[in-house]
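A short write-up of the structure that comes next.
The values are calculated or read from the model by the stated rules, or taken from the named source; none is laboratory data. Remember, it's a predicted structure, so these values are computed and weren't measured experimentally. Heads up, the Cβs are rebuilt from the backbone with ideal geometry, glycines too, and the neighbour counts pull from every protein chain shown.
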Amino acid sequence: MRFFVTAYHHNLLKDYERLSGFYDAIREHAHGIVYDIGAGSGILSYFAAPYSKTVFAIEKDEKIASYASKNLAGIPNVKVVNEDALSYDFPHQADTIICEMLDTALIDEEQVPIVNKCLKHLKEDGRIIPYGVINGAEAIEMDSETIRYDENYKYKTKGGLTIYDSIKFNKRIDEKFKKTFEIPANGRTNGLKITTFTLLAENIIAGPTQMMNPPLLIPIEEIKEENYMIKVTLSYRMGGGLNTIKAKIKDIEDRKT
């Protein structure tokens, strides 16, 4: 099937790892009344249609919604809705909500407040796809003094991955995050690398992929030691954007034996 898409959505459709993961999760869990929030080209609604009673593909951008209407024309149980999900009046309680999450740690992710709003329209035994995310941090050495994604940027990893947070989308997300945790490091360190893994379902993990969750690099105070633990306080607001990120070293502990 040929999809009408923008250049951005064309790149999304080329991310086969992301698409196959969503397809498997939708095939396994989508049913009944489905809302596809931020439907874009309509590909996830297309996946959901054979397994659902009715799919509401909600897209606020008029041009993109017109593409979705063309792509999904002829599928009788899919309805494209050109509205903002935050103000949309859901006509039925949902069995399944599909709300694609693309950004690392949900920091620059517009869907976070939308998911919180949609929860009141989800049946008690309903399902959200994706199921959740897992966030990890690593010590790195980097040249940049600004927060940036790791795309086409060189850096050196200086310690192992530490999982510092996990979120399940079937409960309201606290958009304000702040936590102090420890990460291992060895040698010159002046940054944190944040990596997010998406749980499309309990048993399906995706990311980072070409178009989903590019790792995020955050500068911190420089340290030059060997075999140590960094205690760092990290805070941000999910959905608030990269300018809400703050990272501060609280303590350094020697790990030498």
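The residue list Asn203, Asn227 contains one member that is surrounded by fewer than 19 Cβ atoms within 10 Å (Cβ to Cβ), over 30 Å from Tyr16 (Cβ atoms) and polar (S, T, N, Q), which is Asn227.
Every listed requirement among (1) surrounded by fewer than 21 Cβ atoms within 10 Å (Cβ to Cβ); (2) outside any strand (DSSP E or B); (3) not assigned by TED's automatic domain parsing to the domain that holds Lys171 is met by Asn152 save one, (3). Listed by first and then second residue, the pairs linking a residue in segment 14-26 that is touching a residue at least 12 places away in the same chain (Cβ under 8 Å) to a residue that is of a type in the set (Gly, Ala, Ser), with Cβ atoms under 7 Å apart and 6 or more places separating them unless they lie on different chains, are Glu17/Ala206; Arg18/Ala206; Gly21/Ala206; Ala25/Ala201; Ile26/Ala48.
Against the conditions (1) part of a strand (DSSP E or B); (2) farther than 25 Å from Thr180 by Cβ, Met212 satisfies every one except (1). Taking the criterion of being in contact with a helix residue (DSSP H, G or I) (Cβ under 9 Å, 6 or more places away or on another chain) and surrounded by fewer than 22 Cβ atoms within 10 Å (Cβ to Cβ), the residues of segment 13-27 that qualify are Leu13, Leu19, Tyr23, Arg27. Looking only at residues in segment 13-31 that are within 19 Å of Phe169 (Cα to Cα) and among the small types (Gly, Ala, Ser), the one that is modelled with the lowest pLDDT is Gly21.
On inspection, Lys248 does not qualify as free of Cβ contacts under 8 Å to residues at least 12 places away in the same chain, over 24 Å from Val115 (Cβ atoms) and not hydroxyl-bearing (Ser, Thr, Tyr). Residue count for segment 143-180 satisfying the condition of being in contact with a Pro (Cβ under 7 Å, 6 or more places away or on another chain) and within 18 Å of Ile223 (Cβ to Cβ): 4. Within segment 32-71, being more than 23 Å from Leu200 (Cα to Cα) and assigned to a helix (DSSP H, G or I) holds for Glu62, Lys63, Ile64, Ala65, Ser66, Tyr67, Ser69, Lys70, Asn71. Would you check which residues across segment 167-190 are of a type outside the set (A, V, I, L, M, F, W, C), within 19 Å of Gly241 (Cα to Cα) and assigned to a strand (DSSP E or B) and list them? Hits for segment 167-190 are Lys176, Lys178, Lys179. Scanning segment 130-149 for residues that are buried (at least 18 other Cβ atoms within 10 Å of the Cβ) and closer than 30 Å to Ile26 by Cβ returns Pro130, Tyr131, Gly132, Val133, Asn135, Gly136. Apart from one condition, Lys168 fits all of (1) surrounded by 15 or more Cβ atoms within 10 Å (Cβ to Cβ); (2) under 19 Å from the mean Cα position of the chain (by Cα); the exception is (1).
Of the residues Ala85, Ala49, only one is farther than 24 Å from Gln210 by Cα, crowded, with 18+ Cβ neighbours inside 10 Å and in contact with a Cys (Cβ under 8 Å, 6 or more places away or on another chain); which? Unique residue meeting the criteria: Ala85.
Any residue at all in segment 103-116 that is more than 30 Å from Arg148 (Cα to Cα) and surrounded by 22 or more Cβ atoms within 10 Å (Cβ to Cβ)? Outline the logic, then answer.
In the first step, residues of segment 103-116 are kept if they are more than 30 Å from Arg148 (Cα to Cα); the result is none.
Looking through segment 103-116, none of the residues is more than 30 Å from Arg148 (Cα to Cα) and surrounded by 22 or more Cβ atoms within 10 Å (Cβ to Cβ).
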